[in-house]
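K.L.:
Mind having a look at this structure? Questions to follow.
The values are calculated or read from the model by the stated rules, or taken from the named source; none is laboratory data. Here the structure is a predicted model, which is why all the values come from computation and not from measurement. Cβ: placed from backbone, ideal geometry, glycine included. Neighbour counts: every protein chain shown. Only protein heavy atoms, including side chains, enter the accessible area calculation; ligands, DNA and RNA are left aside. Shrake-Rupley method; radii C 1.70, N 1.55, O 1.52, S 1.80 Å.
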Amino acid sequence: MTPDPQSITVELAGRSYPVLCGPGALDAAMSKVVALCPNKRLLCISDQTVADHHLHRLADACAGAGLTLRSLIIPPGEAQKSFAQLESLCADLLALEVERGEAIAAFGGGVVGDLTGFASAILKRGTAFIQIPTTLLAQVDSSVGGKTAINMPAGKNLIGAFHQPALVIADSAFLQTLPARQMRAGYAEILKLAVLGDADFFDWLDTHGVDALGGDAALMGQAITRSIAGKADIVACDEREHGVRALLNLGHSFGHALESLAGYEGALVHGEAVAAGMGTAFAYGVHLGLCPKDDYERLANHLTACGLPASLSAAPGGPYTAEAMIQILKNDKKNQSGVLRLVLPRALGDAFVYEEHDLGRLEAFLDVQLGQS
Ligand code: GLY
C-alpha cells in the first residue's frame, strides 16, 4: 500500500508553514497552492533538466486545480546562482507583472530554490514563495528553512536573505528520475542531520541507509521524513542561525572550500563536498582530542559504504591545497571577530561550534589529510 503524504510544520510565529512530503504530496498540496495564487496563475521557475522530466506533472496538477502555469526555464547548474541570472529572472518576473501577494514557485533542486527564493525575497520587497524541491538534497535540506542566496567568486551563498517559503511540497515521485550520484549527495545531508544531534537516527541510518540508497523507497521515505522533521525543529528554534542552526553547517566549512576550488561545473557536487567535509571535521575532532576515534571510524565506514567520500583526499574535483582551503575558510560566513568557527564533533550525534584561533595548526592538519591516499 502506498503511504499517504506526511505533513510537517515549520513553527515560526505568524509564519508557520507546512512541508508536505512523500508520494502524492503534489496533489495533496494543490488546495494550498491555489490559496497562494490569487490571480489564478502559478509563476514557476525551473531548470531545463527538471522541466524536461517533470514540468508536465506540475502543469497537470495546476490545470486540475484551475490554475494557469507560467514557467520560466533557466539552464541547469550552480553557475546560475549569479547576479546576472538573478537580474534576468527578476526582469522576467516583472515583465509578467508579478504581484506581492502571488506566489512564485521554485520547481527544481537547490540551485533553483536558492535563486528563486532570493528573487522572491527582493522583488517588490518580497513576494510569497513556494518550494517544490525535486532533488533529495533540496527536499531534506535547502527547501526547508528559508535560506536563499547566490554565489560570489569569494565563495558560495555569500549574497542572500532569509526568506521563508509559505509552503514546501517534497513529492517523492520526483526522485524517481534522479541519478544515483545525486541521491547519494542528498543522503549526505540526511546523514548530517543525524550526525550533528541525533545518535539514534545515525544508528538507524547505519543499519538501513545503504538499502535506502539501493532503492528501498519505504526506507528512504522514513529517512526523508525524519530528516525534514529534525530540520524543521532546528529552524523553529533558531530561524536566523544565532545558535543551534549553525550546527547544520557540519561539514560545510570544509565542503564549501572544496566546492569553491573545484568550481561549480559538476566535478564535485555539494553533497559529496559535505560528506568529505564531515569526515574531515571528525578527523580534526579526533586530532584535537575532542572526539573518540571509534566514532570517526564508524562515520567514515558508513560514508564509504554509501559511496560517498569520507576524506579530503577522496573528494573528486581536486587537486586541492591546504593553503587555498585556508584562504577560503577565512571568508566563511560563520566567522566572528576574525575567528574561524568550525562545527566539530564530540561524538556521533553531538556537534558543537569550535573557535579555531590557530590557523597554522589547521593548515598543517589539512596538508596531511590531503597528502593521504
Ligand atoms: N542548509 C543549512 C541551513 O538551512 O541552515
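K.L.:
Scan the stretch 148-167 residue by residue and report those that are open to solvent by 10 Å² or more (accessible area, probe 1.4 Å) and out of contact with any strand residue (DSSP E or B) (no Cβ under 7 Å at 6 or more places or on another chain).
P.N.:
Correct list: 153, 154, 156.
K.L.:
For residue 79, state whether it is within 24 Å of residue 264 (Cα to Cα) and surrounded by fewer than 18 Cβ atoms within 10 Å (Cβ to Cβ).
P.N.:
So residue 79 fits the description; yes.
K.L.:
So, one more: Take the stretch 266-294 and flag every residue that is assigned to a helix (DSSP H, G or I), open to solvent by less than 30 Å² (accessible area, probe 1.4 Å) and free of Cβ contacts under 8 Å to residues at least 60 places away in the same chain.
P.N.:
273, 276, 277, 279
K.L.:
What residue, among those in the stretch 1-56 that are among the charged types (D, E, K, R) and part of a strand (DSSP E or B), is nearest to residue 106 (Cα to Cα)?
P.N.:
The selected residue is 47.
K.L.:
For the stretch 107-127, how many residues are within 16 Å of the ligand (Cβ to nearest atom), open to solvent by 10 Å² or more (accessible area, probe 1.4 Å) and over 11 Å from the mean Cα position of the chain (by Cα)?
P.N.:
Residues in the stretch 107-127 being within 16 Å of the ligand (Cβ to nearest atom), open to solvent by 10 Å² or more (accessible area, probe 1.4 Å) and over 11 Å from the mean Cα position of the chain (by Cα): 2 in total.
K.L.:
Still on this model: What number of residues in the stretch 46-68 are open to solvent by less than 20 Å² (accessible area, probe 1.4 Å) and of a type in the set (A, V, I, L, M, F, W, C)?
P.N.:
6
K.L.:
Only one of (1) at positive phi; (2) open to solvent by less than 10 Å² (accessible area, probe 1.4 Å) fails for residue 263. Which number is that?
P.N.:
Only one criterion in (1) at positive phi; (2) open to solvent by less than 10 Å² (accessible area, probe 1.4 Å) is unmet by residue 263, namely (2).
K.L.:
Sticking with this structure for a sec: Within the stretch 267-281, track down each residue that is out of contact with any Asp or Glu (no Cβ under 8 Å at 6 or more places or on another chain) and either at pLDDT 95 or above or of a type outside the set (Val, Ile, Thr) (or both). Break it down into steps so the answer makes sense when it comes.
P.N.:
From the stretch 267-281, those out of contact with any Asp or Glu (no Cβ under 8 Å at 6 or more places or on another chain) are 267, 269, 272, 275-281; that's our starting set.
Selection gives 267, 272, 275, 276, 277, 278, 279, 280, 281.
K.L.:
Yes or no: the stretch 17-28 includes at least one residue that is open to solvent by 30 Å² or more (accessible area, probe 1.4 Å) and aromatic (Phe, Trp, Tyr).
P.N.:
The answer is no, given that none of the residues of the stretch 17-28 is open to solvent by 30 Å² or more (accessible area, probe 1.4 Å) and aromatic (Phe, Trp, Tyr).
K.L.:
Same structure, new question: What about residue 361, is it in a helix (DSSP H, G or I), out of contact with any His (no Cβ under 7 Å at 6 or more places or on another chain) and open to solvent by 60 Å² or more (accessible area, probe 1.4 Å)?
P.N.:
So residue 361 passes the test.
K.L.:
Restricted to the stretch 83-106, and to residues that are within 30 Å of residue 186 (Cα to Cα) and out of contact with any strand residue (DSSP E or B) (no Cβ under 9 Å at 6 or more places or on another chain), which residue is most open to solvent (accessible area, probe 1.4 Å)?
P.N.:
87
K.L.:
Kindly list, by first and then second residue, each pair from a residue in the stretch 241-259 that is closer than 18 Å to residue 195 by Cα to a residue that is more than 12 Å from the ligand (Cβ to nearest atom) and of a type in the set (Ser, Thr, Tyr), limited to pairs with Cβ atoms under 8 Å and residues at least 6 apart or on different chains.
P.N.:
The qualifying pairs are 251/280; 254/280.
K.L.:
Can you name the condition, by its number, that residue 354 falls short on among (1) over 13 Å from residue 284 (Cβ atoms); (2) assigned to a strand (DSSP E or B)?
P.N.:
Only one criterion in (1) over 13 Å from residue 284 (Cβ atoms); (2) assigned to a strand (DSSP E or B) is unmet by residue 354, namely (1).
K.L.:
Hey, another quick one. Any idea which residue in the stretch 128-147 is most open to solvent (accessible area, probe 1.4 Å), counting only those that are more than 10 Å from the ligand (Cβ to nearest atom) and in a strand (DSSP E or B)?
P.N.:
Ranking the candidates gives 128 first.
K.L.:
Of these, 246, 212, 257, 223, which one is under 21 Å from residue 279 (Cβ atoms), within 12 Å of the ligand (Cβ to nearest atom), open to solvent by less than 10 Å² (accessible area, probe 1.4 Å) and part of a helix (DSSP H, G or I)?
P.N.:
Details: 212 fails: within 12 Å of the ligand (Cβ to nearest atom); 257 fails: within 12 Å of the ligand (Cβ to nearest atom); 223 fails: within 12 Å of the ligand (Cβ to nearest atom).
Criteria check complete, one pass: 246.
K.L.:
If we scan the stretch 315-327, do we find a residue that is touching an Asp or Glu at 6+ places or on another chain (Cβ under 6 Å), open to solvent by less than 60 Å² (accessible area, probe 1.4 Å) and touching a residue at least 24 places away in the same chain (Cβ under 8 Å)?
P.N.:
yes
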